[in-house]
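Here the structure comes first, spelled out in structure tokens, and everything after it is commentary.
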Amino acid sequence: MIRTFICAAALTVMTVTGALAGDNEAKVTVVFDQKLPNVPGKSMKGLLVEYAPGGSSPAHIHAKSAFIYATVLEGAIRSKVNDGPVKTYRAGENWPEFPGDHHAVSANASKTKPARLLAVFVVDTAETELTIFQK
């Protein structure tokens, strides 16, 4: 069981970070991965997203089953979901992302200070690709 958890977490990290190789792009780390005991087939996954000063993530969507709750832990994050406006969220502020949402902008609002956010996913346990980057 523990071996399965470790392998799944490693696969998730490779899947999420595989497209993010540049110095100015986000570093993503899985910090929590747990099956929901009262919701068969669903899991909760926590991803720590760290942006260097001026850093960003490419436009993306998430797994079709993913409901996401993002909270800024440090600094400020610029975000644009679907056709909404670009908003700046500061430490302590949060926003949801619903299944099928398009995340067009995800970036550190500062060119001089780092920023971090925690993205909590409720997702189908079988999902292996949490983030699909667009070119």
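Table: residues versus (1) over 15 Å from Ala115 (Cα atoms); (2) modelled with pLDDT of 95 or more; (3) assigned to a loop (DSSP other than H, G, I, E, B).
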residue: Gly46; (1), (2), (3): yes, yes, no
residue: Glu50; (1), (2), (3): no, yes, no
residue: Ile77; (1), (2), (3): no, yes, no
residue: Gly100; (1), (2), (3): yes, no, yes
Can you pull out the residues in segment 29-40 that are open to solvent by less than 50 Å² (accessible area, probe 1.4 Å) and in contact (Cβ under 8 Å) with a residue 24 or more places away in the chain? Asp33, Leu36
Considering residues of segment 65-91 that are among the polar types (S, T, N, Q) and over 20 Å from Glu129 (Cβ atoms) only, the residue surrounded by the most Cβ atoms within 10 Å (Cβ to Cβ): Ser79
Could you list all residues from segment 92-132 that are open to solvent by 40 Å² or more (accessible area, probe 1.4 Å), among the small types (Gly, Ala, Ser) and out of contact with any Ser or Thr (no Cβ under 7 Å at 6 or more places or on another chain)? Gly92, Gly100, Ala126
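Table: residues versus (1) modelled with pLDDT under 95; (2) of a type in the set (D, E, K, R); (3) assigned to a strand (DSSP E or B); (4) more than 19 Å from Val31 (Cβ to Cβ).
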position	(1), (2), (3), (4)
Tyr69	no, no, yes, no
His103	yes, no, yes, yes
Ala107	no, no, yes, yes
Thr112	no, no, no, yes
Leu117	no, no, yes, no
Phe121	no, no, yes, no
Against the definition (open to solvent by less than 20 Å² (accessible area, probe 1.4 Å), within 15 Å of Lys27 (Cβ to Cβ) and in contact with a strand residue (DSSP E or B) (Cβ under 7 Å, 6 or more places away or on another chain)), how does Leu47 come out, yes or no? yes
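The values are calculated or read from the model by the stated rules, or taken from the named source; none is laboratory data. This structure is a prediction, so every number in the text was calculated from the model and none was measured. Every residue, glycine as well, gets a Cβ built from its backbone with ideal geometry; the counts of neighbours run over all protein chains shown. Note: areas computed on protein heavy atoms with side chains; ligands, DNA, RNA excluded. Shrake-Rupley method; radii C 1.70, N 1.55, O 1.52, S 1.80 Å.
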